[in-house]
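J.: This structure is in structure tokens; I'll ask about it shortly.
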Amino acid sequence: MPHFEHRPLMPEEVAFNLAEYDTWLRRLLFNRGVTNKVEAEVFLAPSYDQHLHDPFLLHDMEKAVERVLRAIASDKKIVIYSDYDCDGIPGAVVLHDFFVAIGFNNFYNYIPHRHYDGFGLSSKAVKRLKDEKNPDLIITIDCGTTDFEAVALASELGIDVIITDHHEPKATLPQAVAIVNPKVGHTYPFTGLCGAAVIFKLTQALIVRGNFNLSSGLEKWWLDMVGIATIADMVPLCDENRVFAHYGLKVLRKSRRPGLKLLLLKQKASQQHLTEDDIGFMIGPRINAASRMDTPEDAFLMLATKDDTEAVKRVDYLEDLNLERKSAVAQITKELHKRLELVDELPPIFVMGNPNWRPSLVGLAANKLAEEHNRPAFLWGRDGNGLIKGSCRSGSEISVIKIMEVAPELFIEFGGHHMSGGFSIREEKIHTFTEGLTKAFVSLGATAQVVEPLLVDIELGLDDFSSSLLRAQRLCGPFGAGNHKPLYLIKNVTPKEVLVFGKGKEHTKLTFNTSGIVKEAIAFFRTPEQFKVTPTIDGIFSLLVHLEESFFMNRSQTRLRIIEIFR
């Protein structure tokens, strides 16, 4: 049986405060911390004009704006240096679009190579940019807060650096011209912005100070990029981020970017009904595939181009890269399975690696292995600079961070959270890494477990799923970190059919006789045998589910997404 808890009952006072809303909406609002009408109005109707904070409250924003405007006025070369993931790349598009809109062309977008440059502003990249572009100014996006050496080198080479980022700062800061980061200083009322949102705030400030001849509200069209990054980077969807996610989806549904439109068309997704799930499962993976498979520039150009022919080229290439990425992960997974066939008994945690594996891919394989065997998986490979790097996934209630904290001597560095993390290994420790990490896990015993119960929003019957519940849920979206999709508990059901579907018969579908609006429940990449209880047409069991709408191939369908099946 999965570990779940019901959310607390609503106090009478809160029910009174929210009395104007129907029963379902009242309950979902309370479960999201909304306890009165004022909070409900802000939550249900986030306002771009009223609910965004003043960008000049961000640390060093005045300095950053002054320096950028000076570079623009003197037509000095600016390099936009963005991270290679689904936060940095959309952020780079935002600043690119701003420069294009104001008619400034003396800039260059640079995205570091994941395999050879690694994360952040690197000294190697600074040297290359000095030799090849000779910039006056580098503006980072989604990186730089802890890159002391690279910032110092840039200064030595006569290059100013403005850091825009959202990562945690250390006790001291790099000697940059400006560090615009909501986690630096105590001047900004919300610290949860993603990197693309921070650069968007910089463009807002530049528009205010620069007196550019732009059409009113032009920057709102760049919210499609901020929305993608906010949702994909899994920052908490509250405060300003709720505004960015809400309006980001609105703009995405109307976006005129030919690359995005074509990408959605190829995936048979309905642009006008685009959801946060489409970003998580469709757009995000293809942006990330570019950097995992060598060419992050292709993802940037797919998003930034205004040319239809260029869009076709980039989207087709990204699709090929995504297939190549899937194939490469499948090869790693196949090798892992072969290794496990040779052992008599599965170890308590998996610790495996291969110098030929790309660190950018091992996290995907670790996730699959951990889920298959319900135990932690630590996998490593070697990057283009010879460093041994890896990723870990929990696959259970075991904390991978706790395991690594017991044996810090094994690592150069590590980080993450209980369910997933990343690490780099000291070269001299590689031959004892498996033994050392396994000992660390065993020594923890039961303390390695971190029980994070699933929180049930509402317990109800199949017949209770109604249009009013669906409408209430819609009003509470978009969902993500900090605003989890509602979880429903359905007890004692018996399906009409139990089906497997898909090319490899890897997905599950249950159908039901019900007077409610949903007739089926599905799970992707889980067969009936992979649940805690295997569903059968004569069995009685309980379900934990999400309620979702699908518009695949422009066919509207309301269905349940199965989280777990149990008794």
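J.: Under Stokes-Einstein, with the Kirkwood radius over Cα pairs standing in for Rh, what whole-number D in µm²/s applies to region 256-325 at 20 °C and 1.002 mPa s?
T.: 181 µm²/s
J.: Give the aspartates and glutamates whose C-alpha is closer than 20 Å to that of LYS170, dropping any in the same chain fewer than 8 places away, or say none.
T.: ASP60, ASP83, ASP142, ASP147, GLU149, GLU405, GLU413
J.: Calculate how many DSSP beta bridges within the chain are antiparallel, expressed in % of all such bridges and rounded to the nearest 5. Walk me through the numbers before you get to the answer.
T.: Values: 41 of 69 bridges.
If I count the DSSP bridges inside the chain, around 60 percent turn out antiparallel.
J.: Oh, and also: Loop only per DSSP, at most 13 neighbouring Cβ atoms within 10 Å: give me the chymotrypsin sites (Phe, Trp or Tyr not before Pro) in region 94-174, ordered by residue number.
T.: TYR116
J.: For region 30-151, calculate the relative contact order in percent as a whole number, restricting contacts to Cα pairs under 8 Å that are 6 or more residues apart. Before the final figure, lay out the partial values.
T.: Values: 120 pairs, mean separation 33.9, N = 122.
So the answer I get is 28 percent.
J.: Along the three principal axes, how long is region 343-448 when you take its alpha carbons, biggest first, rounded to the nearest angstrom?
T.: 38, 30, 27
J.: Could you tell me what fraction of 2.2 N^0.38 Å the Cα radius of gyration of region 470-561 comes to, as a two-decimal ratio?
T.: Its radius of gyration relative to the 2.2 N^0.38 Å reference: 1.13.
J.: Find, among the trypsin sites (Lys or Arg not before Pro) in region 160-248, those assigned to loop by DSSP (not H, G, I, E, B) with at most 15 other beta-carbon atoms within 10 angstrom.
T.: LYS170
J.: So what's the projected area for region 55-220, the Cα convex hull averaged over all directions, in nm²?
T.: 9.0 nm²
J.: On a 30 Å Cα-Cα criterion, which of the cross-link pairs LYS183/LYS532; LYS250/LYS491; LYS326/LYS532; LYS368/LYS439; LYS124/LYS183 come out too long?
T.: Values: LYS183/LYS532 42 Å; LYS250/LYS491 36 Å; LYS326/LYS532 27 Å; LYS368/LYS439 23 Å; LYS124/LYS183 27 Å.
Long pairs (Cα-Cα over 30 Å): LYS183/LYS532; LYS250/LYS491.
J.: Quickly estimate the mean residue ellipticity at 222 nm for the chain, helices only: each DSSP H run with n ≥ 4 gives -39500 (n - 2.57), and the total goes over all residues, rounded to 500.
T.: -11500 deg cm²/dmol
J.: Suppose a student asked you for the relative contact order of region 256-325, using Cα pairs under 8 Å spaced at least 6 residues apart; what percent would you report?
T.: Once divided by the residue count of region 256-325, the mean separation gives 42 percent.
J.: Return the Rg/Rh value of region 39-141, two decimal places, where both radii are evaluated on C-alpha atoms and Rh is the Kirkwood radius.
T.: Looking at region 39-141, the ratio lands at 1.06.
J.: For region 362-462, which GluC sites (Glu not before Pro) are in a loop by DSSP, counting at most 16 other Cβ atoms within 10 Å?
T.: Working: sites: GLU371, GLU372, GLU397, GLU405, GLU409, GLU413, GLU427, GLU428, GLU435, GLU459; in loops: GLU397.
The qualifying sites are GLU397.
J.: For region 78-207, with only Lys/Arg (+1) and Asp/Glu (-1) charged at the beta-carbon, what is the dipole magnitude about the Cα centre, in debye rounded to 20?
T.: Computed about the Cα centre, the dipole is about 60 debye.
J.: What would the Debye formula give as log10 I(q)/I(0) at q = 0.10, 0.12, 0.13 Å⁻¹ for the alpha-carbon point model of the chain, no solvent?
T.: -0.95, -1.36, -1.54
J.: Expressed as a rounded percentage, what relative contact order does the chain have, with Cα pairs under 8 Å and six or more residues apart?
T.: Relative contact order, the chain: 12 percent.
J.: Any chance you could get the radius of gyration and Dmax over the Cα atoms of region 59-98, in Å?
T.: In Å, with Rg to one decimal and Dmax whole: 11.6, 32.
J.: Give the share of C-alpha pairs in each 5 angstrom bin for region 333-402, from 0 to the last occupied bin, in whole percents, shortest bins first.
T.: Once binned at 5 Å, the Cα pair distances of region 333-402 give 4, 18, 29, 23, 17, 7, 2, 0.
J.: Follow-up question, since we're still on this one. Which one, ASN181, LEU475, PRO55, is farthest towards the positive end of the dipole of the chain when Lys and Arg carry +1 and Asp and Glu -1 on their Cβ?
T.: LEU475
J.: Can I ask one more? Among GLY539, TYR488, ILE562, whose Cα sits farthest toward the positive end of the charge dipole of region 454-566 (+1 at Cβ of Lys/Arg, -1 at Cβ of Asp/Glu, about the Cα centre)?
T.: So the residue we want is ILE562.
J.: Determine the dipole magnitude for region 454-566: charges of +1 sit on the beta-carbon of Lys and Arg, -1 on that of Asp and Glu, nothing else is charged, the reference point is the Cα centre, and the result goes in debye to the nearest 20. Don't skip to the end; give the middle numbers.
T.: Details: 14 positive and 12 negative charges, 70 e Å.
Roughly 340 debye for region 454-566.
J.: Can you give the charge dipole size of the chain about its Cα centre, rounded to the nearest 20 debye, using +1 on the beta carbon of Lys and Arg and -1 on the beta carbon of Asp and Glu? All intermediate terms of the calculation are to be shown ahead of the outcome.
T.: Details: 65 positive and 73 negative charges, 221 e Å.
Approximately 1060 debye in magnitude.
Where a number appears in this text, it was derived from the coordinates with a stated rule and is not lab data. Quick caveat, the model's predicted, so the values are computed rather than measured. For neighbour counting, all protein chains shown are included, and Cβ atoms are generated from backbone atoms with ideal geometry for every residue, glycine included.
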